[in-house]
Amino acid sequence: MEISEHITGILNTLPDKPGCYLMKDAAGTIIYVGKAINLKNRVRSYFHESADHAFKTRQMVRKIADIDIIVVNSELEALILEMNLIKEHRPFYNVRLKDDKRYPYIKIHWADDFPKLSITRLMVEDGSRYFGPYTSVWAVHQTLDILRKIFPYLTCAREITGKDPRPCLYYDIKLCSGPCIGAIDKASYRQMIDDLSKFLEGRTDPVIKRLQAEMQSASENLNYERAAALRDQIQSIEHVVQRQKIISDDQKDTDIIALARTNGEACVQIFFVRSGKLIGREYFILEGTEDEKNEAILKEFIKQFYSQAAFIPNRVLLPTEVEEARIIKEWLNTRRSGEKIEIQVPKRGKNKSLVDMATENAVETLKALETRWKADKDRQHQALAELQAALNLPEPPNRIECYDISNTMGTASVGSMVVFEQGVANKKLYRRFNIRSVEGPDDFASMEEVLRRRFSHYHSAQAEKDLPGKTPDLSFSILPDLLIVDGGKGQLGRAVKVISEQELEGRFALVGLAKQEEELFLPGQSNSVRLEERSQGLYLIQRIRDEAHRFAITAHRSRRGKIGLMSRLDTIPGLGPARRKELILRFGSIEAILAAKPEEIAGIKGISLELAQQIKAQLE
């Protein structure tokens, strides 16, 4: 294998120290992150002629154009840094959790006098209690619906004084305990939320015993209305608990992890056992698992899952030994207080049966997912065939691009570009365009600017495609088979004008989508095309249009928020333009800055700890 002079120079200067290494391709993209006790030995091993690497590794090594290293003091520090780098960069050749943008959590705002519950994708150290991560927002909402019927927690934005003249409707339908009118005091409300927390943790026995004692006391004091309410609450808890299968005699909190693989896919199933009861389970799909051993996949799952889990159990049961178990166990113990964690691979008995049960469920989950993926693929093929027929295209439109504009009275105007390939959204190819040349709310002129910039990028990519070391941007270097502009005839006319200017007529199909009746307008045709109701082709067009609209609104809100953030940061003395920009890039919002510790803010070059404290004080 021929090694470039640049890589040879790096290999000759590697230190004999622990740390992380970041492999980069010719475009500077990080394609792999690894850690090592000895950086010199580990990194050099990739380039040994005699090394018996798997196909995936050989493929990666051929793409390495540069290597960055970060030296740390210990193997544990290297492990933690590696996890953070993989989460941040999601390198293509690393095993990684699929769709891990940030999983949702249930957040209990415990620092408030009357804590509320919310769904969040970010855990911050603000005194709140967190439960998760969950893989489905829908499942979280289902959980909260059940909880609210048992523990009627507060959801409104009222300032709670206990002296409001009347409650809202939720109190009347028993979905709120009424702290606003003093129907429940602060101590009792917080006790209820603490019970809710224990319920989420699977520790229902002490809650039931305490409620039963309260019910008995209320009955003896002739407070029959209170006793009846407590009885109903106990019955609701018991109804849910009855469905939680008792699968272990001991009281250890245990996570049971199992793995299933087929056709290049890997599925991890995790069962959550608390106080001997199975309180829930989740499955996770992992990417980058080709040519990887089961032990390596499980190792990466454990690291990535528990780096963001709100709770670390006493014990983890696994189907096989994992690589680097010692250092992983050491890291997990830094995230626990009290009893040290056990990582076990049971060979017989009840625990072996539990792991086998989890494995069987992982296999069945993966089969069900593959069936669903196949059904989705069949629907996608049908949708593309219907679009081909309706628009009289020579081939199915395998790459579809859709554009939309979003602004508020002409301010913070943004254009969105979404890309669907084979009927599936490819979010890596999405692009946003901050409108530069248009004043005021002119969506037509904004659309022209967006399309000009998109196709200018295309022409630039064509001019550079044969240059050495250039990696094309797949968002722009490939033309669509079908281009959709959201806005009907008006936007279609502007798109035709731009495409003519760019000398791209006839290179792809172009339609304008009317917002009201789902009509498709084609250039030069007065009559619109309508897809059949409930057809797969119509569903696909609607999904694409909705995605372009969502992405445009999200980008617009982000830009509008940054404009507002910038104006607030402008008022802080000693904070120049460069530092303001770095703050926005690092944190993105006022809330994120306020949630950050002063030391985190001071991590930005040029911001002292004193200035960081001043920034927080000013924004508060």
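With the checklist (1) in contact with a helix residue (DSSP H, G or I) (Cβ under 8 Å, 6 or more places away or on another chain); (2) in the same structural domain as Arg274 (by TED's automatic domain parsing) in hand, flag the one item Leu387 doesn't pass.
Looking at each condition in turn, Leu387 falls short on (2).
Looking at (1) under 16 Å from the mean Cα position of the chain (by Cα); (2) at pLDDT 90 or above, which is the only condition His109 fails?
Among (1) under 16 Å from the mean Cα position of the chain (by Cα); (2) at pLDDT 90 or above, His109 violates only (1).
Which residues, counting only those in region 426-443, are surrounded by fewer than 16 Cβ atoms within 10 Å (Cβ to Cβ) and either of a type outside the set (S, T, N, Q) or under 29 Å from the mean Cα position of the chain (by Cα) (or both)?
Initially, region 426-443 is screened for residues surrounded by fewer than 16 Cβ atoms within 10 Å (Cβ to Cβ), giving 426-428, 434, 436-437, 439-441.
The answer is Asn426, Lys427, Lys428, Asn434, Arg436, Glu439, Gly440, Pro441.
Strands (runs of 3 or more DSSP E) wholly in region 248-355 with at least 2 residues that are more than 21 Å from Gly132 (Cα to Cα) - which ones?
In region 248-355, 254-262, 265-274 are the strands (runs of 3 or more DSSP E) which contain 2 or more residues that are more than 21 Å from Gly132 (Cα to Cα).
Here's a check for you: in region 3-18, which residue that is surrounded by 13 or more Cβ atoms within 10 Å (Cβ to Cβ) and in contact (Cβ under 8 Å) with a residue 60 or more places away in the chain is nearest to the chain's Cα centre (by Cα)?
Selected residue: Pro18.
Sort out for me the helices (runs of 4 or more DSSP H) sitting completely within region 137-228 that have 2 or more residues that are within 30 Å of Lys252 (Cβ to Cβ).
Details: elements: 137-150, 169-172, 186-201, 205-220.
It comes to 137-150, 186-201, 205-220.
Run Asn392 past the list (1) in a helix (DSSP H, G or I); (2) more than 26 Å from the chain's Cα centre (by Cα) and report the number of the one that doesn't hold.
It fails just one condition, (1).
If you go through region 485-541 one residue at a time, how many are part of a helix (DSSP H, G or I) and not β-branched (Val, Ile, Thr)? Spell out how you get there, then give the answer.
Let us first name the residues in region 485-541 that are part of a helix (DSSP H, G or I), namely 488-501, 536-541.
After this cut, where a residue has to be not β-branched (Val, Ile, Thr) as well, the list is 488-495, 497, 500-501, 536-540.
Selection size over region 485-541: 16.
So Arg568 fits all but one of (1) in a loop (DSSP other than H, G, I, E, B); (2) basic (Lys, Arg); (3) at pLDDT below 75; what number is the exception?
Condition (1) is where Arg568 drops out.
Only one residue in Ser219, Ser128 is without any contact (Cβ under 8 Å) to a residue 24 or more places away in the chain, touching a strand residue (DSSP E or B) at 6+ places or on another chain (Cβ under 6 Å) and surrounded by 12 or more Cβ atoms within 10 Å (Cβ to Cβ), so which one is that?
Residue meeting the stated conditions: Ser128.
Here is a list: Glu321, Glu330, Glu282. Which entry is surrounded by fewer than 16 Cβ atoms within 10 Å (Cβ to Cβ) and either under 25 Å from Asp250 (Cβ atoms) or assigned by TED's automatic domain parsing to the domain that holds Thr135 (or both)?
On the way: Glu330 fails: surrounded by fewer than 16 Cβ atoms within 10 Å (Cβ to Cβ); Glu282 fails: surrounded by fewer than 16 Cβ atoms within 10 Å (Cβ to Cβ).
Being surrounded by fewer than 16 Cβ atoms within 10 Å (Cβ to Cβ) and either under 25 Å from Asp250 (Cβ atoms) or assigned by TED's automatic domain parsing to the domain that holds Thr135 (or both) holds for just one of Glu321, Glu330, Glu282, which is Glu321.
Based on what the data block shows, is Ala362 in contact (Cβ under 8 Å) with a residue 12 or more places away in the chain, out of contact with any Ser or Thr (no Cβ under 9 Å at 6 or more places or on another chain), of a type in the set (A, V, I, L, M, F, W, C) and not in a loop (DSSP other than H, G, I, E, B)? I'd like the intermediate steps shown before the answer.
Values: in contact (Cβ under 8 Å) with a residue 12 or more places away in the chain: yes; out of contact with any Ser or Thr (no Cβ under 9 Å at 6 or more places or on another chain): yes; of a type in the set (A, V, I, L, M, F, W, C): yes; not in a loop (DSSP other than H, G, I, E, B): yes.
It is true that Ala362 is in contact (Cβ under 8 Å) with a residue 12 or more places away in the chain, out of contact with any Ser or Thr (no Cβ under 9 Å at 6 or more places or on another chain), of a type in the set (A, V, I, L, M, F, W, C) and not in a loop (DSSP other than H, G, I, E, B).
Out of all the residues in region 478-503, which are surrounded by fewer than 16 Cβ atoms within 10 Å (Cβ to Cβ) and within 30 Å of the chain's Cα centre (by Cα)?
Leu479, the sole residue that qualifies.
The values are calculated or read from the model by the stated rules, or taken from the named source; none is laboratory data. Not measured: the values here are computed from a predicted model. Counting neighbours? That spans all protein chains shown, and the Cβs are built from the backbone with ideal geometry, glycine included.
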